[in-house]
Amino acid sequence: MMKDGSKFFSGVEEAVIRNIDACKEFSGTVATAFGPNGMNKMVINHLEKLFVTNDAATIIRELEVEHPAAKMMILGSQMMEQEVGDGTNFVIILAGELLKQAEDLVRMGLKPTEVAEGYEIACRKALEVLESCACHEIKDAKNNEEVRKAVRTAVMSKQYGNEDFLADLIVKACTAIVPVAQTSFNVDNVRVTKILGSGLMASEVVSGMVFKRSVESNVTKVEKCKVAVYTCPIDSTQTETKGTVLIKSAQELTDFSKGEEDLLEKQIKEIVDSGAKVVVSGGKIGDLALHYLNKYGLMAVRLTSKWDVRRLCRAVNATPLPKLTPPTAEELGYADLVRVDELGDTSVVIFKMEAAESKIATVVVRGATENYMDDIERAIDDGVNTYKGLCRDGRLVAGAGALEMELAKEVTAYGEKLEGLEQYAVQRFATALHVVPKMLAENTGVKANVVIAELAAAHAEGKAHAGFDIESDSASTLKEDGTKHTINAVENQVFDLMVAKYWGLKYATDAAATILRVDQIIMAKRAGGPKPRGGGGGPMDDGEDY
């Protein structure tokens, strides 16, 4: 029926178990990067760009995963990235653990569909319990102290040790630009500019825009100025049609070029007359135009990216003009200060807006290497996304694995009351939830089963906020409450967004259930073309696994 060379796998052993194995291997890869003590991964992508990070979203984006089942887990985590902006690792680890637990049940004789149904029942119950687990709510997104609590945990998982400093920067940048209504918060309005040199502690927040460029003109500082923004080059314009000009004498030649010069001077004089003191161009600035800009004392800044031009327009409230025409009063933007500064040996142009309604804030990140600053940028990104989540739903739950242990306890109790075969799957769902504190413990270097036992005992006693203490190690002494590795997550201000946990549980369960419901894999023959370098065949060659 199929073309020669196509592959066909069916049945529990070949399709289901094979898929589960691939997903377990993949989730194992990112699991060691989970939590504040997670290890970094060095990923070199197809363009030979080097990434050193423990951000799961970046790792999976740069790895070119071929296996269709593992791809489904990735799709779930990418949806998480779009929905919440953080928690991608949580989705992959939980989905991987759910599949691992499902493998035992399938080998015991349960049908994969029964396991998938049991998981969905358990997920519904877990989401029901989640609603009652909120331990704190942030009602005012402009209250820095309150917001820091939530942002700090998001940053902690990426940059443990620097979380307080970075959380302050993020909160300062976000609260400066959040609108009064607090309903809509655009993540794009917080920019990150990375400048090599100095140390992380030299990073700062600037209300307005910072560009890693120098100015073209002689003027390097203007205060309380109007800004004209052009998307076209500032130069003498080319005629639309080509024509031949016959010049008979030297006089005619000088007059001809003079006419062009006069027109350019007139255009620049009109810009000056409109009240503008700073000209921003999205194209090149010609030598002659530069001469006239200097003559009339205008500051000229050239931006190479259309994206930057668009953002600058939003920041200074200007209208981008497509032709070199004098701007009207409505089209001009306004900045309190435009100046050239030098950070390290990098020239930067700063557009500063002191007014309360500055629509854009820039975090200037300093650091020793590009990789390190990229990682800081990812941490800031997660913090800003967490802030966005807070604006939508300010409810927080206990972090450090406390929430997962509490949900596991409730789901186990619920599973014991069920009568059908689903009860086994519901029980396994509860066991799978232990993976969060388990991975936190393993990445810290503590025996996971000891930690799980301690946490389970604490939750059985009704301590709903007991979580894993990442400061502890295998040599820790007993604390007052008789445990070695548990802390009260709420008292220690380790919070997670309820929205993140809600979508994380949902996407992980959906991905696991979808993979379990696959009973056949039919792979068409690959399209022709040269074989990949390195002489390796396509996936599943010679019956080997991915």
Do you know which residues across the stretch 94-113 are among the acidic types (Asp, Glu) and either without any contact (Cβ under 8 Å) to a residue 40 or more places away in the chain or crowded, with 24+ Cβ neighbours inside 10 Å (or both)?
-> 97
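What is the residue count in the stretch 498-525 for residues that are modelled with pLDDT of 80 or more and either among the polar types (S, T, N, Q) or touching a Gly at 6+ places or on another chain (Cβ under 7 Å) (or both)? Let's see the steps before the verdict.
Of the stretch 498-525, the ones modelled with pLDDT of 80 or more are 498-517.
Restricting the remaining residues to those that are either among the polar types (S, T, N, Q) or touching a Gly at 6+ places or on another chain (Cβ under 7 Å) (or both) gives 499-500, 504, 507-511, 514.
Looking only at that region, the number is 9.
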Listed residues 442, 419, 410, 377; which is in the same structural domain as residue 59 (by TED's automatic domain parsing) and over 27 Å from residue 120 (Cβ atoms)?
-> 442
Residue ranges of helices (runs of 4 or more DSSP H) in the stretch 399-466 with at least 3 members within 33 Å of the chain's Cα centre (by Cα) and under 21 Å from residue 160 (Cα atoms) = 435-444
Here the residues within the stretch 208-236 that are among the polar types (S, T, N, Q) and either in the same structural domain as residue 382 (by TED's automatic domain parsing) or under 18 Å from residue 286 (Cβ atoms) (or both) are 214, 217, 218, 231, 236
If you scan the stretch 204-247, which residues turn out to be closer than 23 Å to residue 325 by Cβ, outside any loop (DSSP other than H, G, I, E, B) and either at pLDDT below 75 or hydroxyl-bearing (Ser, Thr, Tyr) (or both)?
-> 230, 234
Could you list, in sequence order, all residues of the stretch 387-437 that are over 24 Å from residue 103 (Cα atoms) and either modelled with pLDDT of 85 or more or of a type in the set (Asp, Glu) (or both)?
-> 393, 406
Answer from 98, 47 - the residue that is of a type in the set (A, V, I, L, M), out of contact with any Pro (no Cβ under 8 Å at 6 or more places or on another chain) and not in a helix (DSSP H, G or I) = 47
Among what's in the stretch 253-278 and is touching a Phe, Trp or Tyr at 6+ places or on another chain (Cβ under 7 Å) and β-branched (Val, Ile, Thr), pick the residue that is nearest to residue 226 (Cα to Cα).
-> 272
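Being in contact (Cβ under 8 Å) with a residue 60 or more places away in the chain and either closer than 25 Å to residue 105 by Cβ or in contact with a His (Cβ under 9 Å, 6 or more places away or on another chain) (or both) is the requirement here; does residue 432 meet it? Break it down stepwise before answering.
Working: in contact (Cβ under 8 Å) with a residue 60 or more places away in the chain: yes; either closer than 25 Å to residue 105 by Cβ or in contact with a His (Cβ under 9 Å, 6 or more places away or on another chain) (or both): yes.
The answer is yes for residue 432.
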Checked pairs for the stretch 267-278, first modelled with pLDDT under 80, second basic (Lys, Arg) and part of a helix (DSSP H, G or I), C-beta under 9 Å and 6 or more apart or across chains, list as 268/295
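The values are calculated or read from the model by the stated rules, or taken from the named source; none is laboratory data. Predicted model, so just to flag it, every value in this text is computed and none were measured. Virtual Cβ from ideal backbone geometry, glycine too; neighbours counted across all protein chains shown.
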